[in-house]
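Let me begin by presenting the structure, written as structure tokens, before commenting on it.
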Amino acid sequence: MHLDEDDEKILNGEYGETRQKMMEILVALGKVYDADRLIPVTSAQVSGASYKTIGRWGLSWLKELDARAVIPAVLNPIGMPREEWRDIGGITQEFAEKQREVLEAYHHLGIRPECTCTPYYLNRTEYGEHLAWSESSAVVYANSVIGARTNREGGPSALAAAIIGKTPNYGLHLVKNRAPQIMIDLAGSDDGNSPFHHYGALGYIAGKKAGNLIAFFRGIRPNRDQLKAMGAAMGATGAAALFHVEGITPESRVFDFETEGLRHVTIEGDEVAALFEDIDADAVAIGCPHCSPRELHDIAGLLEGRKTTKPLFIFAARGVMRAHNRLIAQIERSGARVYPDTCMVVSPAMERFSTIMVNSGKAFSYIPNMCGAKARIGTLEECIQVATS
Ligand code: F3S
């Protein structure tokens, strides 16, 4: 792999030990994946931010580092809302202190304390930009919906990219690796009541069938929020980092001609419909991935004139909440709570419930293992109905 003069100096330790370590991570990755060089990235999104997932070893590794990010960089959701951690419940003083130490360690490294899986709502991200993002749903969204380019980074490699400002040029940074690899055929009716219109549930099944292959969909017309939901679920049940939807996602036109001869898999409406089990839930959680302004608007509309009868948690990026504080107030008049910085999967707050209802295919997939609770999936309307009846 070619390194320029500056890269070499960093690798030789001339800019300090932490930069040297970070460069070693990038070079090792580049060698494994046969990258020809390092390329500049415009932003980083760093996972490994919740104390629930990194634990004390992760924290002590972070504390040893001493350098500053050279590009805009944000964090993945952490284990609690930074300020309202007592209010969300289920967070011990000890956990809160450790979580704060993680945040301070990242702050010291120049990572902004915006903890979200939807960094694209905070910083404008453009088609063709090279990024180093690590949260799987953010990666799928950046690649598929925006047409930016990022591999599915691990926490350390995203942090290394933030501190060096570069990433190895391999995988999805190269156009030749972004072509579709599997065609998803949707069988059955496509009327307004089709289960395919629940894009989180569709993504849940599609991820299982496509695995880590780049899927190409025809015959659906999801909007951006629905693409977000579908991609997040695909990234959770499979390992997708990119998919295309004919006539909808920006690169579908680029690759349309390359769909001839692809392997096909079929998804039956019944397979998706079977996910919708009618079981009692003792809490409802919305915002996986974190809510868009449009989704907050829809939730506020559905909650108008209603009161919650069971805990209703909604998650969004702090910056999005700040910019839409009237919507947040409107939602919270119902008794629901909107929290920044965290989510139903990475926070221990959700571990006290036995069944959690969600509208997200990703949360549906992760909650049983990460929260030790059963998960029920429904539409946004059904979630609000369950939370208020
Ligand atoms: Fe985001 Fe947490 Fe879901 S990180 S995608 S809200 S599991």
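The values are calculated or read from the model by the stated rules, or taken from the named source; none is laboratory data. Only a predicted model underlies this, so the values are computations on that prediction, with no experimental measurement involved. Neighbour counts run over all protein chains shown; Cβ positions are idealised from the backbone, glycine included. Heads up: the accessible areas ignore ligands, DNA and RNA and are worked out on the full protein's heavy atoms, side chains in. Shrake-Rupley method; radii C 1.70, N 1.55, O 1.52, S 1.80 Å.
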- Message: For a quick check, take a GNM of the chain with Cα springs below 10 Å and name the residue from 203, 16, 110 with the largest mean-square fluctuation.
- Response: 16
- Query: Given the rule -39500 (n - 2.57) for each run of at least 4 DSSP H residues, summed and divided by the residues of the chain, what is its mean residue ellipticity at 222 nm, to the nearest 500 deg cm²/dmol?
  - Reply: -11000 deg cm²/dmol
- Item | Anchor residue 209: lysines whose Cα lies under 17 Å away (excluding residues fewer than 8 positions away in-chain) | 362
- Would you mind checking which residues have amide H under 5 Å from residue 283's amide H? H placed 1.01 Å from N; only 5 or more apart, or other chain. 355, 357
- Message: Per residue of the stretch 26-31, what does 6.51 cos²θ - 1.76 cosθ + 1.60 with θ = phi - 60° give for ³J(HN,Hα)? Whole Hz please, x for Gly and Pro, Karplus curve as stated.
- Response: 5, 5, 4, 4, x, 5
- Message: Probe of 1.4 angstrom, ligands and nucleic acids ignored: what's the accessible area per residue over the stretch 25-140, in square angstrom?
- Response: 44 Å²
- Query: Do the alpha carbons of any pairs in 228/310; 9/52; 21/374; 176/228 sit beyond 30 Å of each other, and which pairs?
  - Reply: 9/52; 21/374
- Item | Largest-first ordering by accessible area, 1.4 Å probe, given options 389, 47, 144 | 389, 47, 144
- Using θ = phi - 60° and the Karplus curve 6.51 cos²θ - 1.76 cosθ + 1.60, what whole-Hz ³J(HN,Hα) does each residue of the stretch 95-106 get, with Gly and Pro shown as x? 4, 4, 5, 5, 4, 4, 5, 4, 4, 5, 4, 5
- Item | Dipole of the stretch 5-174 [Lys/Arg +1, Asp/Glu -1 at C-beta], most positive-end residue of 91, 43, 25 | 91
- Item | Amide hydrogen neighbours beyond the local backbone of residue 73, cut-off 5 Å, H modeled | 44, 112
- Simple SL model, points at 7 angstrom along Cα→Cβ for residue 309 and residue 187; separation in nm is 3.9 nm
- Item | Rounded percent of accessible protein surface that carbon and sulfur make up, the chain, 1.4 Å probe | 48 percent
- Probe 1.4 Å, all protein chains in place: accessible area of residue 2 in Å², nearest 10? 120 Å²
- Total formal charge among the other residues, if their Cβ is under 14 angstrom from that of residue 140, Lys/Arg +1 and Asp/Glu -1: +2
- Task: Pop out the ³J(HN,Hα) list for the stretch 312-325 in order, Karplus 6.51 cos²θ - 1.76 cosθ + 1.60 with θ = phi - 60°, rounded to Hz; leave Gly and Pro as x.
- Result: 10, 9, 10, 10, 8, 5, 4, x, 5, 5, 4, 6, 10, 5
- Query: Say each of residue 68 and residue 28 gets a label point 7 Å from the Cα, pointing the same way as Cα to Cβ; how far apart are those two points in nm?
  - Reply: 2.7 nm
- Message: If amide hydrogens are placed 1.01 Å from N in the peptide plane, which non-local residues have theirs closer than 5 Å to the one on residue 375?
- Response: 356
- Item | Solvent exposure of the stretch 283-388 as accessible area per residue, Å², 1.4 Å probe | 37 Å²
- Query: For the stretch 179-273, what is the accessible area per residue in Å² when the probe is 1.4 Å?
  - Reply: 40 Å²
